[in-house]
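Written below as structure tokens is the structure these notes are about.
The values are calculated or read from the model by the stated rules, or taken from the named source; none is laboratory data. What you are looking at is a predicted structure, and each value in this text was computed from that prediction instead of being measured. Cβ placement follows ideal geometry from the backbone for every residue including glycine, while neighbour counts extend to all protein chains displayed. Surface areas here come from the heavy atoms of the whole protein model, side chains and all, with no ligands, DNA or RNA. Shrake-Rupley method; radii C 1.70, N 1.55, O 1.52, S 1.80 Å.
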Amino acid sequence: MVHYGHSNQLRQARAMGDYLIVGVHTDEEISKHKGPPVFTQEERYKMVQAIKWVDEVVPAAPYVTTLETLDKYSCDFCVHGNDITLTVDGRDTYEEVKQAGRYRECKRTQGVSTTDLVGRMLLVTKAHHRGQEMTSECREYADSFGKCPGGRNPWTGVSQFLQTSQKIIQFASGKEPQPGDTVIYVAGAFDLFHIGHVDFLEKVHSLAERPYVIAGLHFDQEVNQYKGKNYPIMNLHERTLSVLACRYVSEVVIGAPYAVTAELLDHFKVELVCHGKTEIVPDKDGSDPYQEPKKRGIFCHVDSGNDLTTDLIVQRIIKNRLAYEARNQKKEAKELAFLEAARQQGTRPEGERDCDL
């Protein structure tokens with residue numbers, strides 16, 4: 001997947017240098033070394049390019065990073081999170097560059113991982129909405145999801161994301177609209193931020209010469225009312241970071257009202273309101289949530305040309321449920337074996353830490 005944990009890693013990496021090149025692996029490489037990818041390689045290439053700290057994307061990057069690869073793209077060093085990445089046969093994929101002193105490390109984002117997000121989709125629990133406790137049955141399954149019989153390692157598993165004001169500041173642009181900018185407003189759940197969202201926001205961004213796109217994110221309870229089941233899969237804090245990381249978005253309204261009101265339009269001096277192809281669910285009183293911008297003649301339907309939805313992503317996960325469970329168990333088994341080997345040699349592997357952000 002591509003999620004806000006990756007965005008946070010790329011933000012940290014970009015701060016270490018002047019130009020950030022991101023290598024993205026093919027579906028074949030990921031399937032071989034980790035398990036079935038949730039997003040296709042083409043989706044992942046475009047999603048990574050849409051993260052605002054990325055200067056360039058290298059498609060089909062080799063799974064093992066070598067000095068030859070760094071030299072090919074004129075890179076001084078490479079950066080990875082402080083969790084271990086192993087090949088199918090259990091080798092550290094960054095061993096060569098570490099030995100050459102051309103490796104840097106950034107902090108992994110606590111509380112989010114592909115394992116965690118896939119687990120939420122399969123568990124069909126709402127505990128992630130408001131930090132609620134899972135039922136004992138769900139907790140037992142979550143604890144075993146992707147957990148091999150040998151125990152638990154520091155990286156694979158389900159943990160809790162804790163939002164801080166500092167994290168929002170780090171992701172936010174901090175820029176206000178300037179004279180001549182066109183303020184465009186969009187609203188929605190933006191759950192499991194994916195290529196469908198990226199294509200929509202890119203299209204919205206292209207509607208003006210100097211766009212200032214504001215994304216309004218609905219509260220978890222609001223999303224659950226119109227989406228049902230255990231949606232949103234990501235809670236409001238997580239969705240906020242996901243959208244803020246997108247290069248096509250200038251600002252986010254955290255907990256935006258479902259109806260686009262006159263007060264909201266006037267406050268942000270909105271000149272255009274856009275909505276995609278998804279159904280517009282009436283407000284609680286049966287009214288059209290976009291009636292005010294429609295009345296002002298500033299409402300616009302935008303066809304991104306992409307039919308991917310959060311529902312379809314969840315369907316992909318459910319379809320491959322057994323494969324994902326096997327993937328996570330296999331991944332943890334490799335990591336535990338690597339840890340044990342390192343301990344027997346009296347060394348502490350890169351990435352094993354006592355604390356994290």
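Could you tell me which residue of the range 283-327 is least open to solvent (accessible area, probe 1.4 Å), considering only residues that are assigned to a loop (DSSP other than H, G, I, E, B) and among the β-branched types (V, I, T)?
Ranking the candidates gives V302 first.
Of the residues Y248, Y231, Y258, which is at pLDDT below 95 and surrounded by fewer than 24 Cβ atoms within 10 Å (Cβ to Cβ)?
Within the list Y248, Y231, Y258, the selection yields Y231.
Conditions: (1) open to solvent by 30 Å² or more (accessible area, probe 1.4 Å); (2) part of a loop (DSSP other than H, G, I, E, B); (3) over 23 Å from S242 (Cα atoms). K32 meets all but one. Number of the miss?
(2)
Scan the range 46-77 for residues that are within 20 Å of the chain's Cα centre (by Cα), of a type in the set (V, I, T) and assigned to a loop (DSSP other than H, G, I, E, B) and report the count.
1
Can we say V38 is open to solvent by less than 40 Å² (accessible area, probe 1.4 Å), part of a loop (DSSP other than H, G, I, E, B), over 25 Å from I169 (Cα atoms) and in contact with a helix residue (DSSP H, G or I) (Cβ under 8 Å, 6 or more places away or on another chain)?
yes
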